[in-house]
Each structure stands twice: as structure tokens, then as C-alpha cells.
Amino acid sequence: ARVAALEAAASATTLDELKAARTTHQGDRSALAQANREIGALPPSAKAAAGKLVGGARGAVAAAYARRQRELEDERDARILAEESLDLTMPSGRPGLGARHPLSLVSERIEDIFIAMGWEIADGPEVESEWLTFDALNLGPDHPARQMQDTFFVAPAESSGLVLRTHTSPVQIRSMLSRTPPIAILCPGKVFRTDDLDATHSPVFHQFEGLVVDRGISMAHLKGSLDAFVQRLFGGHIATRLRPSYFPFTEPSAEIDCQCWVCYGQDISCRVCGGFGWIELGGCGMVNRRVLTAAGIDAEVYTGFAFGLGIERALMLRHNVNDMRDITEGDVRFSRQFGMEI
Ligand code: FA5
């Protein structure tokens, strides 16, 4: 039994095998345990010799199993160390870099241009009072032009007095109410209209609003500011052109066109203007005196001009983007193309 137990210990190659062998050869039902129990039944003269023999065998077997246990545990530890080792000097994959959205880049560029001219940046909330969005801008409840901008009303519709602003023009009123002339502010921001998303429209888009109020401000100041702006944004000798138009909050009002910076109207196949030579940027005009009055400015003393331009369309024209959905979807591969070149 001693020899069989020692052989089983030596031939166990895993800890599980050793455990099984130990149960067989050292457990309560093993031959050695059995022999140990039988010593008590032997005649006294034989007891001492039998005890020595069995005890010696059990001691040797226990020592052999303990030794083999240590050997197998050492082997297992060495194997785990080898298998689970980490090479900390191995080069790792770099995390993918993001990219700034071209709308953020172009907005900052536009802000910088006006800040350099001494204007201040102003802002207002996207959920805006109906009064500031329409009434104070000379768009009374029954004014037909109120339908010009399709509005998201905040529930309960038409009685909450709140809308998602349809343009950045309410910031004109906020600025006049909170400042005293001379005022020169630029407000970039998000606006909302119930337009369906398609290649040239989005229900959420961006505008920037400009407002200047002081003594003696005229259309010439408006034209000069717009020229300075487009020349800094598009470069060179690009001019603007004002076409008569209508907005309830300005009088007179105009659409702003900017000269094509690619072909100056010389190329019928021009990808930006199609040879037309002018690109529409937004609306502008002299602040209606009713608007000045609603905002607490003395219209006998002060005059002002304002403009509101759409950023997405300017960006599309500037960078040959054919579909506005590319701008709104937020795919980083789209943003990455712009880099610092805006
Ligand atoms: C206005 O929103 C006036 N508040 C602008 C203004 C300000 C006039 C101050 C006078 C004085 P309009 O609705 O035309 O005007 O919009 C201005 C620009 O926003 C448009 O020229 C166009 O570039 C852009 N725009 C309008 N609707 C959308 C749309 N659904 N998606 C993307 N851009 C749009």
C-alpha cells in the first residue's frame, strides 16, 4: 500500500489528479487507514511493531503528497506567469482623434472678425418668448408676415407664450433692453423652423445676427460692415450687394448678396454660383423705428442697422457641400475634411 501510494503521488501530473490519488491512498477508506484501524485488534506483542510500520508508511506518504503538491503548484504558477505576462513596451493602437465641427470653426471665425472690429458677442435663449420673437419685432398677432417663419410652439401651443426661436432677431430686443447706445453686437446661435430636412433645409440651423445702434447710423455703415466682413471671410476684393426686400422689423429692408469668390461671375460652369456671380447670404435693413421704440430706445435720437445670415448655407457654398444633411449628421469623417482651412 505504501509503494502504491507513493507511485500514485509521483505519477500525478495535475493538481486534480493528485487530489484524486490522495483520496484513494490517504483517505478514510484507503488501505493505510484500514491498516491503522486494525492495529488496535492485534495482540499486544505485535502492536508496537505494526504501529511503527504503519505509522512510518503514513508519514512517508503524507510527506510525499505534500512535496508533490508543492511541485505541481510551482509548475502551475510558472505557467500562469508565462501565459499572462504583459509586454509594457509593445506599441499600442492610438485612440482615434475627433475633429471640430466645421460649423463651430466657421462660427468662431465669424465671431473673431466682428470682435476685431470692436463688436461684442451677445446671446439669448433658444426657448424664447413669443413677444420677443415676433411682437416686439413688429410682427403683431395678425401680421401676415408672422406666417413667413413656420414656428414650433412650446406646449400648450399658442397659450404658453413660448416658442423655439425662429431667428436670432429676438436678441436684438434683448440687447437694446439691457444696454444703452452705442450698441454693436453679434449673436451667433441655433434657430428652429418646422421645415423638413432636405438638401437645402434643416429644422434646426444656425444664424448670426448683427445689430448696431447709435446716433447717425445709416445704410452706408451697414454696407461698409458687410463688405468688411465678407472680405475678411472670403478674402480679396469681394463686395456685397443689397437687393430691396421686406422684413417687418427693418425699414428699408434688403437681401444681402455676396460676390462669388470663385469666378466673380465669369464662369458659367462655376460650382459655387453657376456663373450668376452673386450668392444670397441673408437679410438686413435699418431697424424699424417701431422696433427701437418697443425696445425702449429713443427713435428721435438713435438709428440702427441689423442683419441676419444663415451659417449652413454660407458653409455649403464656401466648401462645395451639396447636401445640408452632411452638416447635421455629425459623421467625424465629414468634419475631418475641414481641418484648419475654414
Ligand atoms: C430672417 O430670419 C431674419 N431674421 C433676418 C434679418 C435679421 C433680416 C435682421 C433683417 C434684419 P430669413 O427667414 O430670410 O430671415 O432667414 C435668414 C437666412 O437663414 C436665410 O437667408 C437662409 O440662409 C437661412 N435659412 C432660412 N431657413 C433655413 C433652413 N430651413 N435651413 C437652413 N438655413 C435657413
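The values are calculated or read from the model by the stated rules, or taken from the named source; none is laboratory data. Bear in mind that the values here come from a model prediction, so they are computed numbers and not experimental data. Note: ideal-geometry Cβ built from the backbone for every residue, glycine included; neighbour counts use all protein chains shown. The protein model used for the area step is the full one, side chains on, heavy atoms only, and it has no ligands, DNA or RNA in it. Shrake-Rupley method; radii C 1.70, N 1.55, O 1.52, S 1.80 Å.
Structure above, values below:
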| item | result |
| --- | --- |
| Separation of the Thr14 and Ser269 label points, Cα + 7 Å toward Cβ, nm | 7.5 |
| Solvent-accessible area, 1.4 Å probe, carbon plus sulfur percent, for region 1-58 | 58 |
| Whichever aspartates and glutamates have a C-alpha closer than 12 Å to that of Lys223, once near sequence neighbours (fewer than 8 apart) are set aside | Glu255, Asp257 |
| Span-like helix ranges in the chain, DSSP H, alpha carbon extent 24 angstrom or more, Kyte mean at least -0.5 | 44-83 |
| Overall form of region 157-201 per C-alpha gyration tensor (a/c, 1.5; a/b vs b/c) | oblate |
| Accessible area of Val321 in the full protein assembly, 1.4 Å probe (Å², nearest 10) | 20 |
| Heavy-atom SASA rank of Glu83, Glu120 (probe 1.4 Å, accessible area, largest first) | Glu83, Glu120 |
| Region 222-342 - percent of accessible surface contributed by carbon and sulfur, probe 1.4 Å | 49 |
| Counting all C-alpha pairs of region 1-85, share separated by more than 20 Å (%) | 43 |
| Pair-distance profile P(r), taking every C-alpha pair of region 79-159, with 10 angstrom steps and integer % | 12, 20, 19, 17, 9, 9, 9, 4, 1 |
| Partnerless Cys - the chain, beta-carbon criterion under 4.7 Å | Cys187, Cys258, Cys284 |
| Coarse-grained scattering of region 40-179 at q = 0.12, 0.19, 0.21 Å⁻¹, given as base-10 log I(q)/I(0) from a Debye sum over alpha-carbon atoms | -0.80, -1.15, -1.24 |
| Where labels lie 7 Å past Cα in the beta-carbon direction, separation of Glu111 and Ala35 in nm | 9.1 |
| At q = 0.16, 0.24 Å⁻¹, base-10 log of I(q)/I(0) for region 252-342 (Debye sum, equal scatterers on each alpha carbon) | -0.79, -1.16 |
| Summed side-chain charge close to Asp326 - residues other than Asp326 whose Cβ falls under 15 Å, Lys, Arg +1, Asp, Glu -1 | 0 |
| Percent of alpha-carbon pairs separated by more than 16 Å within region 177-221 | 57 |
| Global size of the chain as Cα Rg and Dmax, reported in angstrom | 42.8, 136 |
| Region 194-302 - Rg over Rh from alpha carbon coordinates, Kirkwood radius | 1.04 |
| At 1.002 mPa s and 20 °C, Stokes diffusion of region 181-251 via Kirkwood alpha-carbon radius, µm² per second | 145 |
| Computed lengthening from Thr200 to Ala228, 0.36 nm per intervening residue step minus Cα-Cα distance | 7.4 nm |
| Three principal axis lengths of region 111-206 [C-alpha, angstrom, descending] | 40, 33, 22 |
| Cys258 - accessible surface, heavy atoms, 1.4 Å probe, Å² rounded to 10 | 0 |
| Added length on full extension, which subtracts the Cα-Cα distance from 0.36 nm per residue, Ser178 to Asp150 | 7.3 nm |
| Added length on full extension, which subtracts the Cα-Cα distance from 0.36 nm per residue, Ile121 to Leu42 | 17.7 nm |
| Förster-model FRET efficiency, 56 Å R0, Ser218 and Gln337, C-beta, rounded to 0.05 | 0.85 |
| Neighbour net charge for Ala299 - beta-carbon separation under 9 angstrom, K R +1, D E -1 | 0 |
| Charge context of Asn36, other residues only, Cβ under 11 angstrom, K/R +1, D/E -1 | 0 |
| 1.4 Å probe accessible area per residue over the chain, in Å² | 55 |
